[in-house]
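What follows is calculated from the coordinates using simple rules that are stated; it is not laboratory data. Computed from a predicted model, the values in this text were never measured in an experiment. Please note: Cβ atoms are built from the backbone with ideal geometry, for glycine as well, and neighbour counts cover all protein chains shown.
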Amino acid sequence: MTDIPHEPTAFDLIAASAVHAHARRRRERIRNIGIGIAGLLALLVLWKLVVVGLEVPPYILPAPEGVFIALWSGIAVAPASPLGFYLPLWSTLSNALLGFLIGASLGLFFGSLMAEFRPVETALMPYAFALQSLPKVAIAPLIVIWCGFGDGSKVAMAALLAFFPMLVNTFAGMRATDLERIELMQVLSASRFETYRLVKLPSAAPYIFAGLDMGIVYALLGTIVAEFLGAQEGMGVVITKAQAVTDVAGVFAVLLVLGLSGIALHLIVRGTQRSVIHWTDRGQL
Amino acid sequence: MPGFVQSNGQQPATEQDARRTALIAATGIVKIYPTVSGEPVLALDQVNLAVADGEFVCLVGPSGCGKSTLLRLLAGLDRADAGHFSLAGRPIDGPSSEVGVVFQQATLLPWFTIWQNVTLPVRVGGRTLVSREAPIRELIRIAGLQGFENKFPYELSGGMQQRAAIVRALACDPKLLLLDEPFGSLDALTREKMNAELQRIWLASRKTVVLITHSIDEAVFLGDRVVVMSPRPGRIIRDLAVKLPRPRLPAETFGHPEHIELAREIRGLLEGGDAP
């Protein structure tokens, strides 16, 4: 029986097509990385050509290698060196993260209260709207007056900026809860808090993660702005110092580090979201 | 199957005759809905319904006849504007653990496993799982969901999801099971299979069931009685007993003269109801 050569069965075909699909995805990924690297190289070449061709002075726009040297001098030092990026980056990130945790928690709390209790919504919504429309970095000088030049004002700014996306998204997400699911909990005589914990909060999870994603980047922004206004340490201080001596390459290097930090934070939130909300990419919200 | 079979131990012998105790007694039910335009709509008009303990009653009627409204009132999700409802002699004034509800959609929570979903009713409202765990395992077995306890709802077919919803509705060992077009979103073949499954689950648990459907075949196949409602305002226009023997098998029942005759009669009532 095993000698008889056979036509491929449906199972063989399915297995083969799965292998093909896997190989195709792999090829696509490699190709996309290739495109990314090629684009980056093209940008660097163009940048270099503009600087050389138009004879742009380095205090306006440094050549790419100048930025690289500045970046290297900030990285290739002992972690505790006062010349390196590590101490200011740690200061900025720790303040931003602490502020983010505070702001996001408060946003989650007040967003939940507003969604759950109409009177709270009525009372708070006008202020939420007003503050949301206000460019919040404009409050930074006040924050510095109230909280001083230390870490307090940085944490407070980060918290302020992380608060609003969380408030709005938690509120919107909870209000978007499927009515049938709420009625299910009513039928089961569940308490209000059980309905919140078991149904509304998980329903709002995709919204909440979108709020966290925005909030973490805003928190970094808030910390940097507060550092511009006065601080002893932090990446904002490194930028102001470099600016004072028109070390534009140095400013670029710090921007690069901050940009990469922002991307890393965003990816952490996205990764957490993927592992927590396993059901949304299956066509169910 | 101990644990979820309704205890019938102390019922009198006269239970066999027509004077069975009514589990649900609804009298003079009126429900009016306000509308955006301001003209209120009379959804239910003087509806009287009695359902005996252990009976399977199907409510059929055209869309908008108020059958879902009636079910929502029975579930305690809405209040009637007039009339009186009682369940086992007590007035219905809100949701209760004596009533299990299955909605049109399975409404399983996608962040919970099947086990977490079906045990939800005994984990909320201050109840505890311990005493209900074995009966729920038995229900899962009856519903053919063994081995799927740790799967998530999106890993199950539509029919399995709806069976899980039925298990969930029975988890608290309710006296009454309410089903609102539970198989409306399934394809015809799956639906027929689910009807047989539901009958099997019902024969094993002997709950009182009120099922809403607009499938005449489904109503006659499943019901001890088929209650026919008129279009808005909803009134009960006929109450028909189905004498077909159980367990009913789709292949035998759908060709049975009594089934055909009843289905024809109900169709006539529903079509007649459309004309003014």
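Enter the angle in degrees (range 0 to 90, nearest 10) between the Cα long axis of helix B:158-170 and the first principal axis of the Cα atoms of chain B, meaning the one along which they spread out most. Rounded to the nearest ten degrees, it is 90. Other protein chain C-beta atoms within 10 Å of residue C-beta, averaged over B:69-79: 1. Exposed loop sites here are trypsin sites (Lys or Arg not before Pro) assigned a DSSP state other than H, G, I, E or B and surrounded by at most 10 other beta carbons within 10 Å; excluding them, the longest clear run of chain B is B:20-242.
Dipole check for the stretch B:82-199: with +1 at the C-beta of Lys and Arg, -1 at the C-beta of Asp and Glu, and the Cα centre as origin, the magnitude is about 260 Debye. Rounded to whole Å, the principal axis extents of the Cα atoms in chain A read 75, 72, 36, largest first. May I ask you to list the aspartates and glutamates whose Cα is less than 12 Å away from that of B:K67, ignoring any residue fewer than eight positions away on the same chain? Within the straight-line limit of under 12 Å, B:K67 reaches these aspartates and glutamates: B:D45, B:D180, B:E181.
Can you classify the stretch B:32-113 as rounded, prolate or oblate using the Cα gyration tensor, where a ≥ b ≥ c are the square roots of its eigenvalues, rounded means a/c under 1.5, and otherwise it's prolate if a/b beats b/c and oblate if not? Because a/c hits 1.5 or more and a/b fails to exceed b/c, the stretch B:32-113 counts as oblate. Would chain B count as rounded, prolate or oblate if I go by the C-alpha gyration tensor, calling it rounded below 1.5 in a/c and otherwise prolate when a/b exceeds b/c, oblate otherwise? Rounded shape, in that the Cα axes give a/c under 1.5.
For chain A, the membrane-span-like helix rule (DSSP H, alpha carbon extent of at least 30 Å along the helix axis, mean Kyte-Doolittle at least -1.0) picks out A:10-53, A:86-116, A:151-175, A:201-228, A:248-276; this says nothing about an actual membrane. The angle separating the long axis of helix B:188-205 from the principal Cα axis of greatest extent in chain B is about 70 degrees.
Over the protein assembly as shown, DSSP H runs of length four or greater, each weighted -39,500 (n - 2.57), average out per residue to a 222 nm ellipticity of -17500 deg cm²/dmol.
If you put +1 on each Lys and Arg Cβ and -1 on each Asp and Glu Cβ, how big is the dipole of chain A around its Cα centre, in Debye rounded to 20?
Its charge dipole is roughly 100 debye.
A simple rule links phi to the HN-Hα coupling: the Karplus curve 6.51 cos²θ - 1.76 cosθ + 1.60 with θ = phi - 60°, which for the stretch A:189-194 gives 6, 6, 6, 4, 5, 5 Hz, with x for Gly and Pro. Database remark: amide H of B:R238 closer than 5 angstrom to the amide H of B:V228 (H placed geometrically; neighbours at sequence offset of 5 or more, or on other chains; Pro and chain starts carry no H). Only lysines eight or more places from A:K154 in sequence, or on another chain, were considered; those with a Cα closer than 27 Å are A:K136, A:K241. Counting Lys +1, Arg +1, Asp -1, Glu -1, what net charge surrounds B:P135 among other residues with beta carbon under 11 Å of its beta carbon? Every neighbour counted, the sum reads 0.
Counting Cβ atoms of other protein chains within 10 Å of each residue's Cβ and taking the mean over peptide B:102-113 gives 5.
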